[in-house]
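K.L.:
Let me begin by handing over the structure; questions about it come next.
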Amino acid sequence: MIGLQDCNNFYVSCERVFNPKLEGKPVIVLSNNDGAVVSRSNEAKSLGVPMGIPYFQIKLLAEMENIHVYSSNYTLYGDISGRVLSTVKDIVPDVEAYSIDEQFLDFKGMKHRDLFQLGLEIKNKVKQHTGIPTCMGIAKTKTLAKVANHIAKKSLTHGGIYVLEHKKLIETFLSLTPVGDLWGIGRQYVKKLGSFGVRTAFDLYKCKESFVRQQMTVVGQRLWHELHGTPCLPIEQTSKPKQNICTSRSFSALQTDLYALKEAVANHASACAEKLRGESSVANYVQVFINTNPHRSEDDQYANSHTWTLPVASNDSRDLVRFAFLALQKIFKIGYKYQKCGVIVSGLVPENARQLTLFESTSIRQEGPTPLDRMQDTRAMEVMDVLNKRYGSGVVKLGATMSTTQTEGWKMQRSLLSPRYTTKFSDIPVARCS
């Protein structure tokens with residue numbers, strides 16, 4: 001059996017852990033640049049705040065109804081997500097971190113346990129250790145666990161835990177589930193299946209396997225088997241090696257200045273390099289892209305990208321920033337109002353499998369580091385990562401990433417940001433007893 005644990009209204013719940021006054025009150029969390037609603041408390045949902053709506057459209061409602069509004073605090077959310085995962089692993093060793101607020105649990109080898117009681121134990125332990133409320137669906141496959149989790153979330157009589165095991169119950173709930181709500185079914189498949197009269201999950205369940213294979217390829221065939229209780233999607237405890245890493249942000253204000261874009265690109269390239277080092281990988285290609293705002297019809301529109309091949313695969317921040325600048329200079333044009341830029345590093349290979357150039361021993365001496373220099377450079381990056389991890393992100397960084405008064409306008413707007421309670425010493429809550 002497989003369980004899917006879902007943290008309820010995760011971003012809002014994280015804010016409530018350190019601010020209990022928010023309990024029972026409407027709370028919403030906004031996306032980057034305080035753009036749209038990405039998390040809502042049940043009280044905010046009751047007031048009619050839809051998911052994904054731009055904040056400016058409900059700002060008046062938020063003021064009238066005293067809705068508490070927060071910017072996304074991903075540092076806090078990521079740390080608490082790790083604590084939730086650690087707590088779950090203390091009880092169930094085989095866990096897949098599916099997303100920041102969802103985990104698949106493999107109950108193999110726990111047949112002697114009452115799964116409902118085990119789910120309750122996990123739910124209560126997570127609440128005790130982290131303060132985060134959760135719910136859990138349990139079934140024979142990942143797909144059915146998703147359906148069971150939806151029942152657990154909506155039901156008021158099962159304590160946030162639902163075990164979906166008996167065939168009659170499975171068929172009943174599948175008949176109540178729109179096919180578009182199934183895991184892996186997108187809008188195009190909903191449209192295609194609808195043309196054959198397949199509108200609910202039960203309709204798909206009743207289809208012949210050969211029909212599903214013909215219309216939805218082997219991916220749909222796996223889904224069909226999962227609906228019938230045959231596991232086809234195993235628990236993945238280790239994440240697959242990444243094919244590429246992308247770091248990008250929309251600007252808080254439109255940018256026309258090359259230096260502002262260079263600073264943003266330098267920050268994105270440095271972030272990519274840090275992620276590469278964290279995974280012991282190096283990149284062969286650096287791509288930079290920029291674009292204007294396509295929704296501003298009054299502005300001239302422009303979007304472009306350029307990919308630069310590195311002479312030697314690297315995860316050194318200085319290398320990636322240097323080649324990212326070269327790529328940016330290829331595509332930057334004066335006179336446009338840029339809304340967004342980003343950096344993608346690709347061609348990733350393990351650091352210990354880095355392919356050196358044939359003539360590195362001679363040409364590199366003139367244009368770049370010698371092997372001894374490379375060892376020193378690697379050590380410098382390691383020291384920088386250690387210092388940033390110990391004393392806080394950005395304590396040591398490249399000069400190219402530092403802001404001036406003229407360039408800081410590109411930075412993300414987070415005017416309603418809560419403190420980083422668990423990752424910054426100065427933000428740790430203080431309790432005083434009198």
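The values are calculated or read from the model by the stated rules, or taken from the named source; none is laboratory data. Note that the structure is predicted; figures quoted are calculated from it, not measured. All Cβ positions, even for glycine, are placed from backbone atoms using ideal geometry, and neighbour counts span all protein chains on display. Just so you know, the surface numbers come from the protein's heavy atoms only, side chains and all, with ligands and any DNA or RNA stripped out. Shrake-Rupley method; radii C 1.70, N 1.55, O 1.52, S 1.80 Å.
K.L.:
When you check R318 against the structure, is it open to solvent by 30 Å² or more (accessible area, probe 1.4 Å), out of contact with any Lys or Arg (no Cβ under 8 Å at 6 or more places or on another chain) and outside any strand (DSSP E or B), yes or no?
P.N.:
Yes; evaluated as a whole, the condition is true for this residue.
K.L.:
Just to be sure I understand the filter: pairs with C-beta atoms under 8 Å, separated by 6 or more residues or on different chains, first member in the range 194-208 and within 18 Å of W183 (Cβ to Cβ), second member charged (D, E, K, R). Which pairs pass?
P.N.:
Close Cβ pairs (under 8 Å, with a partner that is charged (D, E, K, R)) amount to A201/D181; F202/E171; Y205/E171.
K.L.:
Also, quick follow-up: Name the residue that is most open to solvent (accessible area, probe 1.4 Å), counting only residues in the range 262-285 that are under 21 Å from the mean Cα position of the chain (by Cα) and polar (S, T, N, Q).
P.N.:
Residue satisfying both the conditions and the ranking: S280.
K.L.:
In this structure, is T217 of a type in the set (V, I, T), surrounded by fewer than 18 Cβ atoms within 10 Å (Cβ to Cβ) and within 17 Å of T141 (Cβ to Cβ)?
P.N.:
Details: of a type in the set (V, I, T): yes; surrounded by fewer than 18 Cβ atoms within 10 Å (Cβ to Cβ): yes; within 17 Å of T141 (Cβ to Cβ): no.
So T217 does not fit the description; no.
K.L.:
Restricting attention to the range 150-175, and to residues there that are open to solvent by less than 10 Å² (accessible area, probe 1.4 Å) and part of a helix (DSSP H, G or I), which single residue is nearest to G119 (Cα to Cα)?
P.N.:
Checking each candidate, the answer is A152.
Rundown of residues vs (1) out of contact with any Asp or Glu (no Cβ under 7 Å at 6 or more places or on another chain); (2) of a type outside the set (S, T, N, Q); (3) under 23 Å from R420 (Cα atoms), yes/no style:
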position	(1), (2), (3)
F10	no, yes, yes
F18	yes, yes, yes
V27	no, yes, yes
M51	yes, yes, no
L85	yes, yes, yes
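K.L.:
In the set N124, N149, which member is touching a Leu at 6+ places or on another chain (Cβ under 6 Å) and of a type in the set (S, T, N, Q)?
P.N.:
N149
K.L.:
Just give me the residues in the range 58-88 being of a type outside the set (A, V, I, L, M) and open to solvent by less than 30 Å² (accessible area, probe 1.4 Å), in sequence order.
P.N.:
S71, S72, N73, Y77, S81, T87
K.L.:
Further question: If you scan the range 336-353, which residues turn out to be part of a loop (DSSP other than H, G, I, E, B) and open to solvent by less than 60 Å² (accessible area, probe 1.4 Å)? Break it down into steps so the answer makes sense when it comes.
P.N.:
To start, the set of residues in the range 336-353 that are part of a loop (DSSP other than H, G, I, E, B) comprises 336-337, 347-348.
The answer is Y336, G347, L348.
K.L.:
Before we move on, is T141 surrounded by 16 or more Cβ atoms within 10 Å (Cβ to Cβ), at pLDDT 90 or above and either among the acidic types (D, E) or more than 27 Å from K167 (Cβ to Cβ) (or both)?
P.N.:
no
K.L.:
May I ask you to list the residues in the range 187-203 that are part of a loop (DSSP other than H, G, I, E, B), open to solvent by less than 60 Å² (accessible area, probe 1.4 Å) and either closer than 15 Å to L174 by Cβ or in contact with a Pro (Cβ under 9 Å, 6 or more places away or on another chain) (or both)? Steps first, answer last, please.
P.N.:
Kept after step one, since they are part of a loop (DSSP other than H, G, I, E, B), are these residues of the range 187-203: 195-199.
If we keep only those that are open to solvent by less than 60 Å² (accessible area, probe 1.4 Å) too, we end up with 197-198.
Within the range 187-203, just V198 meets the criteria.
K.L.:
Then there's this: Return only the number of the condition from (1) in a helix (DSSP H, G or I); (2) aliphatic (A, V, I, L, M); (3) under 16 Å from A148 (Cβ atoms) that L233 does not satisfy.
P.N.:
Here L233 clears every test but (1).
K.L.:
To continue, here is another question. Quickly run through the range 142-168 and pick out the residues that are hydrophobic (A, V, I, L, M, F, W, C) and either touching a strand residue (DSSP E or B) at 6+ places or on another chain (Cβ under 9 Å) or closer than 21 Å to R222 by Cα (or both).
P.N.:
If the condition is that a residue be hydrophobic (A, V, I, L, M, F, W, C) and either touching a strand residue (DSSP E or B) at 6+ places or on another chain (Cβ under 9 Å) or closer than 21 Å to R222 by Cα (or both), then L144, A145, V147, A148, I151, A152, I161, V163, L164 are the ones that fit.
K.L.:
Filter the range 229-250 for residues that are open to solvent by 40 Å² or more (accessible area, probe 1.4 Å), touching a helix residue (DSSP H, G or I) at 6+ places or on another chain (Cβ under 7 Å) and either of a type in the set (K, R) or modelled with pLDDT of 90 or more (or both) and give the result.
P.N.:
The answer is R249, and nothing else.
K.L.:
Related question: From R414, R365, which residue is open to solvent by 70 Å² or more (accessible area, probe 1.4 Å), modelled with pLDDT under 80, of a type in the set (K, R) and assigned to a helix (DSSP H, G or I)?
P.N.:
R365
K.L.:
Follow-up question, since we're still on this one. I'm told A148 meets every condition in (1) at pLDDT 90 or above; (2) farther than 30 Å from P93 by Cβ; (3) hydrophobic (A, V, I, L, M, F, W, C); (4) within 26 Å of the chain's Cα centre (by Cα) except one. Can you identify the failing condition by its number?
P.N.:
So the condition that A148 fails would be (2).
K.L.:
Give the number of residues within the range 10-53 that are within 28 Å of S250 (Cα to Cα) and open to solvent by less than 40 Å² (accessible area, probe 1.4 Å).
P.N.:
Matching residues across the range 10-53 total 22.
K.L.:
Applying the selection to the range 382-411, what residues are at pLDDT 75 or above, farther than 17 Å from A264 by Cβ and not charged (D, E, K, R)?
P.N.:
Once the filter is applied, which keeps residues that are at pLDDT 75 or above, farther than 17 Å from A264 by Cβ and not charged (D, E, K, R), the range 382-411 yields V383, M384, V386, L387, N388, Y391, V395, V396.
K.L.:
Also, quick follow-up: Pairs needed: first member in the range 62-75, closer than 14 Å to S41 by Cα; second member anywhere, of a type outside the set (A, V, I, L, M) and buried (at least 20 other Cβ atoms within 10 Å of the Cβ); C-beta distance under 6 Å; at least 6 residues apart or different chains.
P.N.:
Listed pairs, sorted by first residue: I67/P26; Y70/E15.
K.L.:
Q287 fails exactly one of the following numbered conditions: (1) modelled with pLDDT under 85; (2) within 22 Å of K340 (Cβ to Cβ). What is the number of that condition?
P.N.:
(1)
K.L.:
Any chance you could count how many residues in the range 90-139 are acidic (D, E) and in a helix (DSSP H, G or I)?
P.N.:
Summing the residues that are acidic (D, E) and in a helix (DSSP H, G or I) in the range 90-139 gives 2.
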